[in-house]
Structures are given as structure tokens and as C-alpha cells.
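Colleague: The following block contains the structure, expressed as C-alpha cells.
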Amino acid sequence: MKNTKTLLLCLALFGFVWPLRAGDLRLHIVMGEETLGYAYVSLNGKVVGVADAQGTLTLSASQLTLQDTISVSYVGTLPASVVYTEALQASSEYTFQMQPDQILDMAEVTAKFNAWRFFRKSVRKHLIPDWWCEESGIAELSFTHNGRTTYALHTPFYYGIIPTRDGKSEAHTRTQVTETLPADPQLQTMIYTAIFHSLWRITEALYFEDMAEMNTGVILQYRGEQEGKRHFVLARHVEGVSNYQLLLIVDKQSREVESATLELLYPSFDSRLSCKAQFQVQQLSFKQGESRAAIYPSHIHGEMRFSITESTCNFDLSAIQLREYSQSEKQRIEAERDSHTATQPLFRREALLSPQ
């Protein structure tokens, strides 16, 4: 088995293309002369696959039925679709030529243009909030099923990441709301998931440069400039973990990331997160009182779709503030953390921060 995996990896690295079987359809997803790696492909509105780094995906004959609608989506482009007809069935290959959702100035792109070098020069790097920081704000959520609103919630929320006792990268998340939640445990889980995944994923996506340096398959594209704002797209695929597309809007003069649009698919495509965030920079103390600028989302809105329950959560997280825990809070949180088992990562804020 190990030798087989090694062979498959080598073939992929050297650009080997598997021959098509009868009835298969190979899709190529491009924009101009540029391939769109990790584009999302849907059949009749349901995501069925993610293109590889070269923007290619093969749909098998067993997946396709005449008159199916094949759609492609990629952040920063207009959605595109085609109907699977007999003519398309006979051709066995089809190229989606995606169009940008807005016209941008590409004057800075020259023959020797290096996207990563230009990106590092264009984007100011800040500390990203990690352990022992809390983000709080107001959450408005509404759940719909079959087009009908089933539950709505307006509540303050609190979110933080707490390191494990051994200090490894695995950490506990603290997500708490102040309103009384419905008794349905599945709905409770979806509420917490919508809040902490939108905060966690939009923040995680800001580790773009670190992920690229770790060779984790990050694709970077410079889309151009408009009204003093530079547009960058980053796409990443981690097998069995997540697939994301991120559009960053960066101010040309200050080099600050102002906003981001995130499209994220979860393993098995059982959930999908689509959101847009505005960012803010704040000074945080760091190591023996040293102050450093940290970037965090100050406003996030979007939706999360849960395929298993066929429901959608529309959310708006506003007035988000960032703060560091005090030393006394850390001590109480550590005590509570150490009393939990590995299967109990979700803490209750009242138990942690109530007066002694």
C-alpha cells in the first residue's frame, strides 16, 4: 500500500494524466491563460469535487446524467455552468473559461513578475491573535430549512483559544453565548459551529505566508488593482481537512489587509462556509510587556450550509473586540481546562469567569 501511494504521488508530481474511461468528462478550469487550482465543481447545485492544483477535475460516467447542470465557482470570479448534453458526452473534455467579477488594472504585472515576491512587498505582516486572546461581539443568526426560517438568535458571544497543558499546537476552543439556547442539541452544535468556525477559519486563513513556507500547497494569484486596492487570491487544499479560497483586499498605500472573502468546503463536502470580513489592527502586549500590532476580524457576515441537515445558517458577527486574558483569568481557565477530559473541549464562560 505504501509503495502504491508513493507511485501515485510521483506520477502526479511529474504531470501524469490518467486516461479517460468511456463516458468520463474531464473539466479544465481557467481564467485567461491562468489555471484556477482548487475550484469547486457542483452537479445540480451540490458540490461533488474540487479541482486539482492545475484546475482539472474528472467526473465519472456514473456521476453524470444527460441534462445535469455542471457548475464551477471560484472566489473573485462570476459563477459558470454548462448543461451536460449528448454533444458534451461525446467530447469527453470541457473547458470553463471563468470571468472576473470586476475589471482590475494589471499594469504592475510584467514578464518577470513574481506573485509571492510582490505579495510580500504589498502586504504588511502583523501578529495574528492566538492563545490567551478573546474576541467578543454581537451575533445575529437565522436558520432556514427548505426556504423557511426555523430559528433566529440575537446574542452577545465570546470566543477564545486555550492551549493544552503540554503547550502543543492542539488547543481547546471556548465559545459561549449569553442567551438561552434551544433544547435541540443538533441546533446548539450548529449555532456554536457557525460562530467559532467563521472566526477561526477567517483568522486561520491569514497564516497564508507561513503555510506557503511550510509547503502546504498554497496557490497565490494577483488579480490586479482598483481604486488603490490590490486584490490577491489564495487557494489551499488539504486532503481530509478543508479546501479554501480566499480573496484579500489590500490597501496599496498602507499595505494593510482591509477585507477578505472566504469560501471554504469541509471534508466530504458536508458543510460549506461563505463569509466576508472587515479587519482591524490593535496593539497587544507580547512577551515581557513588548507591544505588537495584531490583526483581527472586526465584522464578519455570511452563511454556513449544513448538507447533513439540509439547513443554512445566515450570520452576522458585529462590533467584534479583541482583548487578552488577565493573569487571574488565565489561572482560572487553566484550572477549568485541566479538570476537563480530552472529549470535553467546550468550556462554559460562566464557570470560568464568575467571581470567586
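The values are calculated or read from the model by the stated rules, or taken from the named source; none is laboratory data. Because the structure is a prediction, the values reported are computed rather than measured. Quick reminder, even Gly has a Cβ in these numbers, built from the backbone with ideal geometry, and neighbours come from all protein chains shown.
Colleague: Is it the case that residue 320 is under 30 Å from residue 145 (Cβ atoms) and not in a strand (DSSP E or B)?
Modeller: Against the criterion (under 30 Å from residue 145 (Cβ atoms) and not in a strand (DSSP E or B)), residue 320 does not qualify.
Colleague: Answer yes if at least one residue in the range 269-276 is surrounded by fewer than 19 Cβ atoms within 10 Å (Cβ to Cβ) and of a type in the set (Phe, Trp, Tyr), and no otherwise.
Modeller: There is at least one residue in the range 269-276 that is surrounded by fewer than 19 Cβ atoms within 10 Å (Cβ to Cβ) and of a type in the set (Phe, Trp, Tyr).
Colleague: Let me ask something else about it. What's the total number of residues in the range 243-265 that are closer than 24 Å to residue 47 by Cα and either surrounded by fewer than 18 Cβ atoms within 10 Å (Cβ to Cβ) or assigned by TED's automatic domain parsing to the domain that holds residue 46 (or both)?
Modeller: Total satisfying the criteria: 0.
Colleague: Out of everything in the range 88-117 that is of a type outside the set (Asp, Glu) and in contact with a Ser or Thr (Cβ under 7 Å, 6 or more places away or on another chain), what residue ends up being surrounded by the fewest Cβ atoms within 10 Å (Cβ to Cβ)?
Modeller: Checking each candidate, the answer is 99.
Colleague: Any idea which of (1) in contact (Cβ under 8 Å) with a residue 24 or more places away in the chain; (2) over 22 Å from the mean Cα position of the chain (by Cα); (3) surrounded by fewer than 14 Cβ atoms within 10 Å (Cβ to Cβ) is the one residue 120 doesn't satisfy?
Modeller: That leaves (2) as the condition not met.
Colleague: A follow-up question, please. Just for the range 310-323: of the residues that are of a type outside the set (S, T, N, Q) and more than 12 Å from residue 136 (Cβ to Cβ), which one is surrounded by the most Cβ atoms within 10 Å (Cβ to Cβ)? Before the answer, list the steps.
Modeller: First, the residues of the range 310-323 that are of a type outside the set (S, T, N, Q): 310, 313, 315-317, 319-320, 322-323.
Now restrict to residues that are more than 12 Å from residue 136 (Cβ to Cβ): 310, 313, 315-316.
Numbers: 310: 10, 313: 24, 315: 21, 316: 17.
Per the criteria, the residue is 313.
Colleague: How many residues are touching a residue at least 40 places away in the same chain (Cβ under 8 Å), within 30 Å of residue 327 (Cα to Cα) and crowded, with 17+ Cβ neighbours inside 10 Å when one looks only at the range 137-161?
Modeller: Number satisfying all stated conditions: 6.
Colleague: Read through the list (1) farther than 27 Å from residue 263 by Cβ; (2) modelled with pLDDT of 50 or more; (3) among the basic types (Lys, Arg), then give the number of the only condition that residue 26 fails.
Modeller: Going through (1) farther than 27 Å from residue 263 by Cβ; (2) modelled with pLDDT of 50 or more; (3) among the basic types (Lys, Arg) one by one, residue 26 breaks only (1).
Colleague: Residues to consider are 136, 122, 142; find the one that is closer than 23 Å to residue 246 by Cα and polar (S, T, N, Q). Can you show your working first?
Modeller: On the way: 136 fails: closer than 23 Å to residue 246 by Cα; 142 fails: closer than 23 Å to residue 246 by Cα.
Going through 136, 122, 142 in turn, just one is closer than 23 Å to residue 246 by Cα and polar (S, T, N, Q): 122.
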